[in-house]
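Written out below as structure tokens is the structure these notes cover.
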Amino acid sequence: MAKMLKSKYNSSGERCVDACLNYGGLRYTNEDGSPIKIEIPCDRYEEAISDFEDRIKEGLTETIMNPKEILVRGNITYNQAKSIAIEGKVRGLDFFEIDGSVECDHILGISGSIEYALAIWNGSTKDEALLKAVVRSIKIYGEDFIKELTLDEKVDKSLYMRFAKGLYSVENMIDVDLYVCKNYGIDNEIYFEDLDPKEKVIKNMNLPLGVLGAFLGFILVQVPTNFGQNIENKMLYLALTITVMFIFMMIFIKGIKFAKDKYVQNSTYLIMEMFNDELEKSCYENLLTEKEYKLILKNITRGEVSKLLLDMKGSVNKKLSCNTIVTKETKFTLDARRMVVLPSEFEIIQMVSKLVGTYQDKLANDYNVNNV
């Protein structure tokens with residue numbers, strides 16, 4: 001597959017350009033001599049374009065080249081692609097240790113292939129994952145993705161090209177939720193009983209404090225009413241007394257809970273912020289899906305986090321302690337990822353045809369609405 005499209009992910013923009021050239025000329029060209037589109041990491045794109053342009057100015061490459069017509073910006077960073085390639089869970093996505101490159105000889109490219117894998121790992125069906133992968137690849141390669149496909153001769157290729165051009169250039173042309181790295185954070189609801197060994201003693205004070213509050217409420221009613229002598233309606237006196245006692249009892253119980261919550265918040269805020277930073281970093285670098293993120297938080301139990309907080313109070317390197325627990329749970333989740341086999345060209349063509357058919361129906365509906 002992948003006759004016209006390539007993916008060359010390298011650790012620097014300069015190395016990305018090196019992978020595309022051969023003695024100053026293009027390494028990959030079509031039969032007519034036109035350049036093959038090459039996907040490179042999104043975080044190396046600007047550097048690669050700049051390096052390519054410098055080589056042209058210095059006469060190291062052919063002057064007729066236009067770097068932006070050769071290099072296309074992927075949706076994945078180099079480190080993200082490298083991480084998934086090293087896992088070895090996407091068949092066809094390879095990491096070459098000799099030069100640190102990541103390659104994928106598949107029509108979907110690295111971004112489309114990883115989009116497909118992420119959707120599978122997040123619980124999507126094969127068709128749902130394929131839909132997202134095709135949309136992602138077209139958004140990366142545009143019309144060149146359609147040129148790559150071996151379409152039936154009876155197919156109106158111009159319609160396919162218009163669809164790809166529109167999808168490539170219009171942000172919300174199609175309603176498909178592609179993968180987006182989110183800022184995840186663990187719930188900052190750490191309980192006092194897990195944080196402080198003195199909590200059992202304080203917790204047992206709830207009843208005495210409630211009784212004390214009720215007693216103060218009772219006194220508050222008795223003093224102005226002279227123990228009910230100033231109120232003729234005894235039922236009203238009794239209801240007033242019970243209501244005030246209950247209110248004061250709740251005030252005292254809620255008051256101690258508020259004090260405990262404030263204590264926990266003040267004691268853990270900075271540590272939890274540090275912890276969430278590590279979790280966010282792990283989610284981004286490993287492209288964790290929503291399903292995987294929830295699994296991590298489920299495994300990081302309330303007691304485990306609370307124990308971590310207690311240990312970290314006396315720790316010199318709190319950041320290292322946070323990183324340890326996040327790394328451990330992330331590795332467990334990554335190991336649980338299933339092996340993904342990328343779709344065949346036939347499956348991709350079927351999905352593209354389905355998308356184009358939907359696009360054609362939409363155009364027809366819009367035309368009918370506008371001419372009613």
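Taken together, the values in this text are just the output of simple stated rules run on the coordinates, not laboratory data. As the structure is a computational prediction, the values presented were derived from the model and not from experiment. Every residue, glycine as well, gets a Cβ built from its backbone with ideal geometry; the counts of neighbours run over all protein chains shown.
Fewest first, what order do 116, 293 take by the number of other Cβ atoms within 10 Å?
Exposure proxy ranking, most exposed first: 293, 116.
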Could you list 347, 103 so that the one with the fewest beta carbons within 10 Å of its beta carbon is first and the one with the most is last?
347, 103
Just rank 45, 23, fewest to most, by other beta-carbon atoms within 10 angstrom.
23, 45
Distance from the stretch 1-77 to the stretch 80-99 (C-alpha centre basis), Å
20 Å
